[in-house]
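What follows is one structure encoded as C-alpha coordinates, with my remarks underneath.
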Amino acid sequence: MGVVLFRILLIYHHTMSYRIYLFCYLLFLTTSAWAQRVVSDAKIVYKMVLPPEQLQLDQMLEGSSLTQYMKGAYSRIDINFNIVNYTYLINHKEETITTLIDQHGNKYMVKTDRQQYLKDMQQYEGIKFTDQPETKEIAGYKCRRAIGLMPDGKTFEVYYTPDLVPENKQYNRRFMNLGGMPLEFEILTKTGEKMRVIASRVELNPIPASYFDVPKKGYKVVSQQELQNM
(Lines give C-alpha, C1' and ligand atoms only; values in the text may rest on other atoms or scores of the structure.)
Protein backbone atom coordinates (compact mmCIF):
# COMPACT_ATOMS: atom_id res chain seq x y z
CA MET A 1 0.00 0.00 0.00
CA GLY A 2 2.83 2.40 0.90
CA VAL A 3 4.62 1.69 -2.42
CA VAL A 4 1.45 2.32 -4.43
CA LEU A 5 0.81 5.59 -2.59
CA PHE A 6 4.41 6.67 -3.20
CA ARG A 7 4.06 5.99 -6.94
CA ILE A 8 0.78 7.93 -7.07
CA LEU A 9 2.40 10.89 -5.32
CA LEU A 10 5.40 10.69 -7.66
CA ILE A 11 3.16 10.72 -10.76
CA TYR A 12 1.16 13.61 -9.28
CA HIS A 13 4.38 15.54 -8.59
CA HIS A 14 5.65 15.10 -12.16
CA THR A 15 2.24 16.03 -13.60
CA MET A 16 2.01 19.19 -11.50
CA SER A 17 5.61 20.14 -12.37
CA TYR A 18 4.84 19.83 -16.07
CA ARG A 19 1.65 21.86 -15.70
CA ILE A 20 3.50 24.60 -13.83
CA TYR A 21 6.23 24.60 -16.49
CA LEU A 22 3.63 24.77 -19.27
CA PHE A 23 1.78 27.59 -17.51
CA CYS A 24 4.97 29.63 -17.06
CA TYR A 25 6.00 29.04 -20.67
CA LEU A 26 2.63 30.18 -22.01
CA LEU A 27 2.70 33.16 -19.66
CA PHE A 28 6.13 34.11 -21.05
CA LEU A 29 4.85 33.92 -24.63
CA THR A 30 1.77 35.97 -23.78
CA THR A 31 3.79 38.60 -21.95
CA SER A 32 6.19 38.90 -24.89
CA ALA A 33 3.28 39.33 -27.28
CA TRP A 34 1.72 42.00 -25.10
CA ALA A 35 5.01 43.89 -24.75
CA GLN A 36 5.43 44.25 -28.51
CA ARG A 37 2.80 46.44 -30.15
CA VAL A 38 2.22 46.55 -33.90
CA VAL A 39 1.60 50.18 -34.82
CA SER A 40 -0.55 51.30 -37.75
CA ASP A 41 -1.18 54.95 -36.81
CA ALA A 42 1.41 57.11 -35.10
CA LYS A 43 2.88 60.58 -34.79
CA ILE A 44 6.45 60.96 -33.58
CA VAL A 45 7.94 64.39 -32.93
CA TYR A 46 11.73 64.66 -33.09
CA LYS A 47 14.11 67.50 -32.36
CA MET A 48 17.03 67.87 -34.73
CA VAL A 49 20.55 68.45 -33.44
CA LEU A 50 22.60 69.87 -36.28
CA PRO A 51 26.41 69.66 -36.55
CA PRO A 52 28.15 72.64 -34.84
CA GLU A 53 29.77 73.66 -38.14
CA GLN A 54 26.37 74.00 -39.79
CA LEU A 55 24.93 76.02 -36.90
CA GLN A 56 27.87 78.40 -37.09
CA LEU A 57 27.03 79.09 -40.72
CA ASP A 58 23.33 79.65 -40.07
CA GLN A 59 22.02 80.18 -36.52
CA MET A 60 18.45 80.22 -37.88
CA LEU A 61 18.62 76.43 -38.26
CA GLU A 62 18.76 75.98 -34.48
CA GLY A 63 15.55 74.47 -33.11
CA SER A 64 14.78 72.54 -36.30
CA SER A 65 12.33 69.66 -35.98
CA LEU A 66 11.14 66.53 -37.76
CA THR A 67 7.67 65.00 -37.41
CA GLN A 68 6.87 61.51 -38.66
CA TYR A 69 3.26 60.48 -39.38
CA MET A 70 2.10 57.03 -40.42
CA LYS A 71 -1.23 55.45 -41.23
CA GLY A 72 -1.31 52.01 -42.82
CA ALA A 73 0.21 52.23 -46.30
CA TYR A 74 0.71 56.00 -46.05
CA SER A 75 3.44 58.00 -44.37
CA ARG A 76 4.41 61.64 -44.09
CA ILE A 77 7.55 63.41 -42.90
CA ASP A 78 7.57 67.12 -42.03
CA ILE A 79 10.99 68.76 -41.65
CA ASN A 80 11.03 72.31 -40.32
CA PHE A 81 14.37 74.09 -40.79
CA ASN A 82 12.78 77.43 -39.80
CA ILE A 83 13.94 79.09 -43.03
CA VAL A 84 12.48 76.34 -45.24
CA ASN A 85 9.98 73.53 -44.66
CA TYR A 86 9.93 70.15 -46.41
CA THR A 87 7.04 67.68 -46.48
CA TYR A 88 7.36 64.18 -47.92
CA LEU A 89 4.10 62.38 -48.74
CA ILE A 90 4.74 58.69 -49.37
CA ASN A 91 2.04 56.49 -50.88
CA HIS A 92 3.17 52.89 -50.58
CA LYS A 93 0.11 51.57 -52.42
CA GLU A 94 0.83 53.56 -55.57
CA GLU A 95 4.59 53.57 -54.86
CA THR A 96 5.00 57.33 -55.27
CA ILE A 97 6.59 60.16 -53.30
CA THR A 98 5.51 63.80 -53.41
CA THR A 99 7.86 66.43 -51.98
CA LEU A 100 6.51 69.83 -50.91
CA ILE A 101 8.88 72.77 -50.32
CA ASP A 102 7.82 76.02 -48.67
CA GLN A 103 10.53 78.68 -48.63
CA HIS A 104 9.30 82.05 -47.38
CA GLY A 105 5.95 81.52 -49.10
CA ASN A 106 7.44 80.22 -52.35
CA LYS A 107 5.87 76.78 -52.68
CA TYR A 108 7.10 74.01 -54.97
CA MET A 109 6.04 70.41 -55.56
CA VAL A 110 8.25 67.60 -56.86
CA LYS A 111 6.63 64.30 -57.86
CA THR A 112 8.54 61.03 -57.88
CA ASP A 113 7.15 58.26 -60.09
CA ARG A 114 7.07 54.53 -59.40
CA GLN A 115 10.34 53.88 -61.23
CA GLN A 116 12.29 56.31 -59.05
CA TYR A 117 10.44 55.07 -55.96
CA LEU A 118 11.60 51.50 -56.60
CA LYS A 119 15.14 52.66 -57.35
CA ASP A 120 15.33 54.47 -54.02
CA MET A 121 13.80 51.47 -52.26
CA GLN A 122 16.53 49.17 -53.58
CA GLN A 123 19.16 51.50 -52.16
CA TYR A 124 17.73 51.24 -48.63
CA GLU A 125 16.93 47.52 -48.78
CA GLY A 126 20.64 46.83 -48.47
CA ILE A 127 21.05 48.52 -45.06
CA LYS A 128 22.00 46.04 -42.34
CA PHE A 129 21.57 46.72 -38.62
CA THR A 130 23.70 45.20 -35.87
CA ASP A 131 22.49 45.44 -32.26
CA GLN A 132 24.88 46.82 -29.65
CA PRO A 133 24.83 46.25 -25.84
CA GLU A 134 23.93 49.86 -24.93
CA THR A 135 20.36 50.81 -23.98
CA LYS A 136 18.64 54.01 -22.84
CA GLU A 137 15.17 55.45 -22.38
CA ILE A 138 13.79 57.87 -24.97
CA ALA A 139 10.31 59.45 -24.84
CA GLY A 140 9.26 56.87 -22.24
CA TYR A 141 10.44 53.80 -24.17
CA LYS A 142 13.42 51.57 -23.49
CA CYS A 143 15.62 51.60 -26.59
CA ARG A 144 18.45 49.47 -27.92
CA ARG A 145 21.46 50.85 -29.75
CA ALA A 146 22.20 49.56 -33.24
CA ILE A 147 24.64 50.43 -36.01
CA GLY A 148 23.32 50.71 -39.55
CA LEU A 149 25.67 49.71 -42.37
CA MET A 150 24.82 51.17 -45.77
CA PRO A 151 25.71 49.46 -49.07
CA ASP A 152 28.42 52.08 -49.72
CA GLY A 153 30.14 51.24 -46.42
CA LYS A 154 28.97 54.30 -44.47
CA THR A 155 27.54 53.75 -40.98
CA PHE A 156 25.08 55.54 -38.74
CA GLU A 157 23.83 55.08 -35.19
CA VAL A 158 20.24 54.43 -34.16
CA TYR A 159 18.39 53.78 -30.91
CA TYR A 160 15.12 51.90 -31.42
CA THR A 161 12.41 50.42 -29.24
CA PRO A 162 11.39 46.82 -30.00
CA ASP A 163 8.16 47.48 -28.07
CA LEU A 164 6.74 49.34 -31.08
CA VAL A 165 6.82 47.65 -34.48
CA PRO A 166 5.45 49.54 -37.51
CA GLU A 167 2.77 47.66 -39.42
CA ASN A 168 4.14 49.16 -42.62
CA LYS A 169 7.87 48.40 -42.62
CA GLN A 170 8.38 50.84 -45.48
CA TYR A 171 6.92 53.84 -43.65
CA ASN A 172 10.50 55.16 -43.56
CA ARG A 173 12.66 53.35 -46.11
CA ARG A 174 15.83 53.89 -44.11
CA PHE A 175 14.52 51.63 -41.31
CA MET A 176 12.70 48.86 -43.18
CA ASN A 177 15.18 46.27 -41.83
CA LEU A 178 15.15 47.56 -38.24
CA GLY A 179 13.52 45.46 -35.51
CA GLY A 180 11.40 48.26 -34.05
CA MET A 181 10.64 51.98 -34.05
CA PRO A 182 13.65 54.34 -34.24
CA LEU A 183 13.49 57.06 -31.57
CA GLU A 184 16.99 58.47 -32.05
CA PHE A 185 19.17 58.26 -35.12
CA GLU A 186 21.80 59.93 -37.24
CA ILE A 187 21.26 61.34 -40.73
CA LEU A 188 24.26 61.52 -43.02
CA THR A 189 24.46 64.87 -44.83
CA LYS A 190 25.87 65.35 -48.32
CA THR A 191 28.97 66.95 -46.78
CA GLY A 192 29.66 63.81 -44.73
CA GLU A 193 28.54 65.30 -41.41
CA LYS A 194 26.01 63.62 -39.13
CA MET A 195 22.79 65.22 -37.95
CA ARG A 196 21.17 63.68 -34.85
CA VAL A 197 17.39 63.29 -34.56
CA ILE A 198 15.89 62.59 -31.10
CA ALA A 199 12.24 61.80 -30.32
CA SER A 200 10.57 64.03 -27.74
CA ARG A 201 7.01 62.69 -28.05
CA VAL A 202 5.29 59.54 -29.35
CA GLU A 203 1.53 59.59 -30.00
CA LEU A 204 -0.30 56.40 -30.98
CA ASN A 205 -3.66 57.99 -31.80
CA PRO A 206 -5.51 57.64 -35.14
CA ILE A 207 -4.12 60.01 -37.79
CA PRO A 208 -6.64 61.71 -40.13
CA ALA A 209 -6.40 60.41 -43.70
CA SER A 210 -6.35 64.01 -44.96
CA TYR A 211 -2.81 64.41 -43.59
CA PHE A 212 -1.58 62.33 -46.53
CA ASP A 213 -3.49 64.06 -49.32
CA VAL A 214 -1.44 65.69 -52.08
CA PRO A 215 -2.43 69.38 -52.44
CA LYS A 216 -4.31 70.14 -55.66
CA LYS A 217 -3.36 73.82 -55.71
CA GLY A 218 -1.04 76.36 -54.11
CA TYR A 219 2.21 74.72 -55.28
CA LYS A 220 4.21 75.08 -58.48
CA VAL A 221 5.04 71.64 -59.90
CA VAL A 222 8.73 71.43 -60.87
CA SER A 223 11.19 68.67 -61.67
CA GLN A 224 14.09 67.74 -59.43
CA GLN A 225 16.48 69.29 -61.94
CA GLU A 226 14.51 72.56 -62.07
CA LEU A 227 14.55 72.74 -58.29
CA GLN A 228 18.33 72.30 -58.18
CA ASN A 229 18.79 75.09 -60.72
CA MET A 230 16.81 77.61 -58.65
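The values are calculated or read from the model by the stated rules, or taken from the named source; none is laboratory data. Quick caveat, the model's predicted, so the values are computed rather than measured. Counting neighbours? That spans all protein chains shown, and the Cβs are built from the backbone with ideal geometry, glycine included.
The set of residues in region 96-121 that are among the hydrophobic types (A, V, I, L, M, F, W, C) and closer than 12 Å to Val221 by Cβ comprises Leu100, Ile101, Met109, Val110.
Only residues that are outside any strand (DSSP E or B), of a type outside the set (Phe, Trp, Tyr) and touching a residue at least 24 places away in the same chain (Cβ under 8 Å) were counted in region 122-137, giving 4. I want to confirm something. Restricting to region 161-184 and keeping residues that are farther than 28 Å from Glu94 by Cα and touching a Phe, Trp or Tyr at 6+ places or on another chain (Cβ under 9 Å), which single residue is surrounded by the fewest Cβ atoms within 10 Å (Cβ to Cβ)? Only one residue tops the list, namely Asp163. The set of residues in region 110-124 being more than 11 Å from Gln224 (Cβ to Cβ) and either hydrophobic (A, V, I, L, M, F, W, C) or modelled with pLDDT of 90 or more (or both) consists of Leu118, Met121. Looking at Gly153, Gly180, just one residue is small (Gly, Ala, Ser) and touching a Leu at 6+ places or on another chain (Cβ under 7 Å), and that residue is Gly180. Among the residues of region 44-63, is any of a type outside the set (Ser, Thr, Tyr), surrounded by 18 or more Cβ atoms within 10 Å (Cβ to Cβ) and either closer than 16 Å to Lys169 by Cβ or touching a Gly at 6+ places or on another chain (Cβ under 7 Å) (or both)? Looking through region 44-63, at least one residue is of a type outside the set (Ser, Thr, Tyr), surrounded by 18 or more Cβ atoms within 10 Å (Cβ to Cβ) and either closer than 16 Å to Lys169 by Cβ or touching a Gly at 6+ places or on another chain (Cβ under 7 Å) (or both). Residue by residue through region 179-211, note down the ones that are under 12 Å from the mean Cα position of the chain (by Cα) and not in a strand (DSSP E or B). Those that are under 12 Å from the mean Cα position of the chain (by Cα) and not in a strand (DSSP E or B): Gly179, Gly180.
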